[in-house]
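Report on the structure given below.
The values are calculated or read from the model by the stated rules, or taken from the named source; none is laboratory data. Because the structure is predicted, anything quoted here is derived from the model rather than measured. So basically every Cβ, Gly included, is an ideal-geometry build from the backbone, and we count neighbours across all protein chains shown.
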Amino acid sequence: MKNGMKKFIPKIAASKIVFSEFVTITKDTIVFEDQLNYDYFVLNAKNDAVVILPSFDQENFLLTKEYRHPTKKYLLSCPGGFLEKGENPQEGAKRELLEETGFSATDFQIIGSSYPYPGLSSQKIIFVLAKNIYETHPIHLEPSELIITEKLSYKEIKSKIKNSENIDGILCSALFFYTLN
């Protein structure tokens, strides 16, 4: 059902970078159809990101529990990170999986993509299924990365999500794309 409104894209009257380090925050003044101005803050990541759902087989996965400072908690999630400029998503997935878990895979397949927080950022996340994973070497994390790996069955993961056990929403998206393939 359509609400009768026409599609309108506001014009940007002014744009100013207000913060620029790991990410850039831009203050855009946008003009709506009725000529009202509104200040909108946009968080711009340098590049898109990749999230990997590492599978031993169709029922068992290697997930991460990573400390996320804004929540002050370890959240159950998937390995992932920013793509390098111009990097192929499968290559980025291979690199990130190795860096964060010490594992590789026989196949890296793109299973979907989404904009996880479009009200705040234009960053796209590409979801990659890593099939038949195997350990290659011990993890070498950066001092600021607090990551624990955990092997879980699909049934165990669903139970943790159902019970709201400190879950990163990225994991839910990854599993949703997995079920579509």
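Is there a residue in region 72-79 that is part of a loop (DSSP other than H, G, I, E, B) and either crowded, with 16+ Cβ neighbours inside 10 Å or in contact with a Gly (Cβ under 6 Å, 6 or more places away or on another chain) (or both)? The answer is yes, given that some residue of region 72-79 is part of a loop (DSSP other than H, G, I, E, B) and either crowded, with 16+ Cβ neighbours inside 10 Å or in contact with a Gly (Cβ under 6 Å, 6 or more places away or on another chain) (or both).
Residues that are surrounded by 15 or more Cβ atoms within 10 Å (Cβ to Cβ), modelled with pLDDT of 95 or more and assigned to a loop (DSSP other than H, G, I, E, B) within region 21-67 comprise D48, F56, listed in sequence order. With a requirement of 2 or more residues that are within 15 Å of A49 (Cα to Cα) and hydrophobic (A, V, I, L, M, F, W, C), the helices (runs of 4 or more DSSP H) lying completely within region 87-181 that satisfy it span 89-101, 169-180.
Right, S164: of a type in the set (S, T, Y) and surrounded by 17 or more Cβ atoms within 10 Å (Cβ to Cβ) or not? Criteria not met by S164.
For region 69-80, a tally of residues being at pLDDT below 95 and either in contact with a helix residue (DSSP H, G or I) (Cβ under 6 Å, 6 or more places away or on another chain) or over 19 Å from G119 (Cβ atoms) (or both) returns 1. Contact map, region 123-134: first residue among the hydroxyl-bearing types (S, T, Y), second residue assigned to a loop (DSSP other than H, G, I, E, B) and crowded, with 18+ Cβ neighbours inside 10 Å, Cβ cut-off under 8 Å, separation 6 or more or different chains; pairs are Y134/A105. When each of S113, S104 is tested for being in contact with a Pro (Cβ under 9 Å, 6 or more places away or on another chain) and not assigned by TED's automatic domain parsing to the domain that holds D39, the lone residue that passes is S113.
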